[in-house]
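Student: One structure, pasted below without further comment.
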């Protein structure tokens, strides 16, 4: 699935939060959306998961205008994991993951064996098969995020949208979740805060600043020490991670203490 965002402007209460944004995620690519707080990352993602209609521009999936699709067709083509995982009720983990099957079902159509197989496979892929009967509310933060990714997998959509998926997770859960997402083979657009995560996991990054694209491209071409200092106000050292060999960005405050 190819995602194209072309000339998108999005407004809230008459104020443009993002302006004239262009972004491409090629099939199977992991694209990181990064930028300082307030740069418009979550707002732009909302135009992709149809929570906020752009005031200008087009969001398209494989050339089809996302906002002209019926909601069910759009749900079959892109799945979303947002920052907030509160479902407002007591559901088992399996029930939460089964919610991802909704776009595939008619109004009165009940879950069948094929749906249960998809749910079981999604739970297996995220390492939560053992927890299928537990209440979602009893899971740790990392487990909840994995369950929500499993729900997205059960949706069987080729595009996955993630809004700051590592928020509130400990370091092991952060890396485990990103390893999982990277392994899925889906087209991924993820808003990320951590520059090191963006460098290590993303094929491309798009940097927003004040609602506009400041730069885009492979992480190590974009995230130079000079650029990081200019946009994020920190010093950066860029090299190979001593353990994994992946691109690694270490940051420090702009001025020594």
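Values in this text are rule-based calculations from the coordinates and carry no lab data. These figures come from a predicted structure and were not determined experimentally. As a convention, Cβ positions derive from the backbone with ideal geometry for all residues, glycine included, and neighbour counts pool all protein chains shown.
Student: Along the Cα→Cβ direction, 7 angstrom out, place labels at residue 237 and residue 170. What is the inter-label distance in nm?
Tutor: Computed distance between label sites residue 237 and residue 170 equals 2.7 nm.
Student: Moving to a separate point now. For the chain, take the longest principal axis of its alpha carbons; what is the angle in degrees between that and the long axis of helix 171-183, to the nearest 10 within 0 to 90?
Tutor: In the chain, helix 171-183 runs at an angle near 70 degrees to the longest axis.
Student: Right, next: With the contact rule set at Cα under 8 Å and sequence spacing of 6 or more, what percent relative contact order holds for segment 1-131?
Tutor: Contact order relative to length: 21 percent.
Student: Let me ask something else. Cut-off is 10 Å between beta-carbons; in what order do 5, 238 appear when sorted fewest neighbours first?
Tutor: The most exposed by this proxy come first: 238, 5.
Student: Can you give me the relative contact order of the chain as a percent, contacts being Cα pairs under 8 Å and 6 or more apart?
Tutor: After rounding, I find 25 percent.
Student: In nm, give the distance between the simple-model label positions of residue 90 and residue 179, each being 7 Å from the Cα along the Cα-to-Cβ direction.
Tutor: It is 3.5 nm.
Student: Arrange the following residues from fewest to most other Cβ atoms within 10 Å of their Cβ: 162, 52, 61. List each step's numbers first, then the result.
Tutor: On the way: 162 27, 52 18, 61 22.
Result, fewest neighbours first: 52, 61, 162.
Student: I'd like the projected area of segment 64-212, averaged over all directions, using the convex hull of its alpha carbons. Report it in nm² with one decimal.
Tutor: 10.2
Student: Next question, about the same structure. Which semi-axes, in whole Å and largest first, does the equivalent ellipsoid of the chain have when worked out from the alpha carbon gyration tensor as the square roots of 5 times its eigenvalues?
Tutor: Result for the chain: semi-axes of 31, 23, 16 Å.
Student: Here is a follow-up. Over segment 1-105, what per residue volume does the convex hull of the Cα atoms give, in whole Å³?
Tutor: Normalising the Cα hull of segment 1-105 by residue number yields 135 Å³.
Student: Based on the Cβ-Cβ distance of residue 121 and residue 12, what FRET efficiency does E = 1/(1 + (r/R0)^6) give at R0 = 41 Å, to the nearest 0.05?
Tutor: It comes to 0.60.
Student: Among 255, 221, 164, which comes first, second and so on when ranked by fewest other beta-carbon atoms within 10 Å?
Tutor: Least to most surrounded, the residues fall as 255, 221, 164.
Student: Simple spin-label model, 7 Å along Cα-to-Cβ: residue 60 to residue 113 in nm?
Tutor: Computed distance between label sites residue 60 and residue 113 equals 4.3 nm.
Student: Here is a further query. Could you please tell me the mean projected area of the C-alpha convex hull for segment 139-191, averaged over all directions and given in square nanometres to one decimal?
Tutor: 3.3
Student: Using helices alone, what [θ] at 222 nm do you get for the chain, with -39,500 (n - 2.57) per DSSP H run of 4 or more residues, divided over all residues and rounded to the nearest 500?
Tutor: -8500 deg cm²/dmol
Student: If we sort 9-18, 67-76 on the protection proxy, mean other Cβ atoms within 10 Å, highest first, what's the order?
Tutor: 9-18, 67-76
Student: Further question on the same structure: FRET efficiency for residue 67 and residue 26, Cβ-Cβ distance as r, R0 = 25 Å, nearest 0.05?
Tutor: The pair residue 67/residue 26 has a calculated efficiency of 0.70.
Student: Determine the distance separating the Cα centre of segment 91-106 from the Cα centre of segment 152-194; give it in Å without decimals.
Tutor: Here the two parts' Cα centres lie 19 Å apart.
Student: Pulled fully out, how much extra length does the chain show between residue 51 and residue 250, if you take 0.36 nm times their separation in residues and subtract their Cα-Cα distance?
Tutor: 68.2 nm
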